[in-house]
Amino acid sequence: GHPALAPFGTTIFATMSALAVQHDAINLGQGFPDTDGPEVILEAAKQAIAGGRNQYPPGPGVPELLAAVAAHQQRFYGLDVDPGSQVLVTVGATEAIFSTILALEQPGDEVVTFEPYYDSYAASIALAGGVRRTCVLRFPDFAVDETSLRAAFSERTRMVLLNTPHNPTGKVFTRAEIEFIAQLAREYDAWVVTDEVYEHLTFDGAEHIPMATLPGMAERTLTISSAGKTFSTTGWKVGWVSGPADAVAAIRAVKQFVTYVGSGPFQPAVATGLGLGDDVYADLGRTLQAKRDLLVAGLREAGLAVSVPRGTYFVIADAASLGARDALEFCRELPERAGVVGIPVTVFCDDQDAARTLVRFAFCKRDEVLREACRRLGSLA
Ligand code: PMP
Ligand code: GLN
């Protein structure tokens, strides 16, 4: 294999989803909903297929999706984005992340990110020949430690890779934290690449603050999102990146040779989704918040200490009370012991001690599935 990938092996999501199937366990590992998104979007995809939109779409994306992404940024955040030059449609956020890093990084450049980090970040940085510098977010509040963030920057810093709302912690970065990151990015003349795939999945009135909305930051920020989480269509793999025209052109140049284009008939369907009313968006957070409450209560009842997430699909719990000493080992045994699958947070960390017994559980599942998972975990204590 590629030497840069040697430390990574098979992704934890593939490993744990295979264990779920093998043991017929409840899969609270990989983050995907067990119900589909709004009917009107599913219908729009069927119509696109029936209507013959089955050949290569244009390289940057279909015009109505480019326009819908720009309109979405204006409607929710007041951002001016030119659909013709400042938006690129990608094969999920995953390709946007990879192509953006490849386009903006030179080998040896440093990328500052937060850990625990989403697994594709480390692999994408490594494939680009970059060097990862992390700032550790610590259980249970996962606050940004300013001293440690500043220490992660250097003269070689090319980019900050931010993710808010944050997978796997469920943290929504505060305005003060975003402002501090912006200040450092300006000081070190770095790009900010911000992964906002959970932008609409926030709870308790938590405000999602896009980096690009801060004064002077739009010109150095690449904003990434995807339809998978917002519309419960993770298999469609429609994502996008928006930002300054010259950077988007550089990313498009990379993308040409990674996938060229993708997801033809799903692109117009996602454009339909982005145009849905505010009530649909408000409902996303409300529905998921109730599921969060259900899982948090169940985990607590099973005796686990929990960090209550304010966004995303995920909650992190400390499995020490269930006898865990090593999260990976614990999660490998859990499907057989209890019929439940979780993700060990250690796989997202360089500093193993910061996550030793922490497990991530997904709550984007039907209520009865969550209840049964909690019952099973409760019987372990
Ligand atoms: N970023 C984060 C933080 C994620 O959790 C995920 C996975 N859902 C992705 C990116 C990948 O998104 P996509 O499925 O659109 O490629
Ligand atoms: N983003 C999802 C998660 O964090 C899964 C993505 C994947 O399987 N690569 O669970």
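Points to keep in mind about this one:
- Contact order normalised by residue count of the chain, Cα under 8 Å, 6+ apart, percent: 24
- Extension reserve of the Y56-D82 stretch, reckoned as 0.36 nm per residue once the Cα distance is removed: 7.1 nm
- Neighbour-count order for Y188, Y121, Y56, fewest beta carbons within 10 angstrom listed first: Y56, Y188, Y121
- In this simple spin-label model, placing a label point 7 Å from the Cα along the Cα-to-Cβ direction at both R366 and A253 gives a separation of 5.0 nm.
- Nearest-0.05 FRET efficiency for A320 and A14, computed from C-beta distance (R0 25 Å): 0.40
- Bridge orientation summary for the chain: considering DSSP beta bridges with both residues in this region, about 50 percent are antiparallel.
- Close amide-amide hydrogen proximity is noted between T157 and E110, each under 5 Å apart and 5 or more residues distant or on a separate chain (H modeled in the peptide plane; Pro and chain starts excluded).
- Note on I49 and T287: the extension gain reaches 82.7 nm, defined as 0.36 nm multiplied by sequence separation minus the Cα-Cα distance.
- Net charge dipole, segment 54-276: roughly 420 debye, given to the nearest 20, about the Cα centre with Cβ charges of +1 for Lys and Arg and -1 for Asp and Glu.
- Rough spin-label spacing in nm, given labels placed 7 Å along Cα→Cβ, for R138 and D279: 4.7
- Antiparallel content of DSSP bridges confined to segment 54-276, in %, to 5: 30
- The distance from the alpha carbon centre of segment 114-154 to that of segment 197-244 is 19 Å, rounded to a whole number.
- Cα→Cβ-extended label distance, 7 Å offset, between D189 and E219, nm: 1.3
- Span-like helix criteria (full DSSP H runs; alpha carbon extent of at least 27 Å along the helix axis; mean Kyte-Doolittle hydropathy of at least -0.5) are satisfied in the chain by 278-301.
- Under 11 Å from a label point set 7 Å out along the Cα-to-Cβ vector of F180, the amide N atoms of segment 149-172 belong to 149-151.
- Of L358, L276, L88, the one that fluctuates the most in a GNM where the chain has Cα springs shorter than 10 Å: L276
- The length gained by stretching the chain between R75 and S148 to full extension, at 0.36 nm per residue less their Cα-Cα distance, is 22.7 nm.
Read-outs throughout are calculated quantities, based only on the coordinates presented, and are distinct from any laboratory measurement. Being a predicted model, the structure only gives us computed values, none of them experimental. No Cβ is skipped: glycine too gets one built from the backbone with ideal geometry, and neighbour counts run over all protein chains shown.
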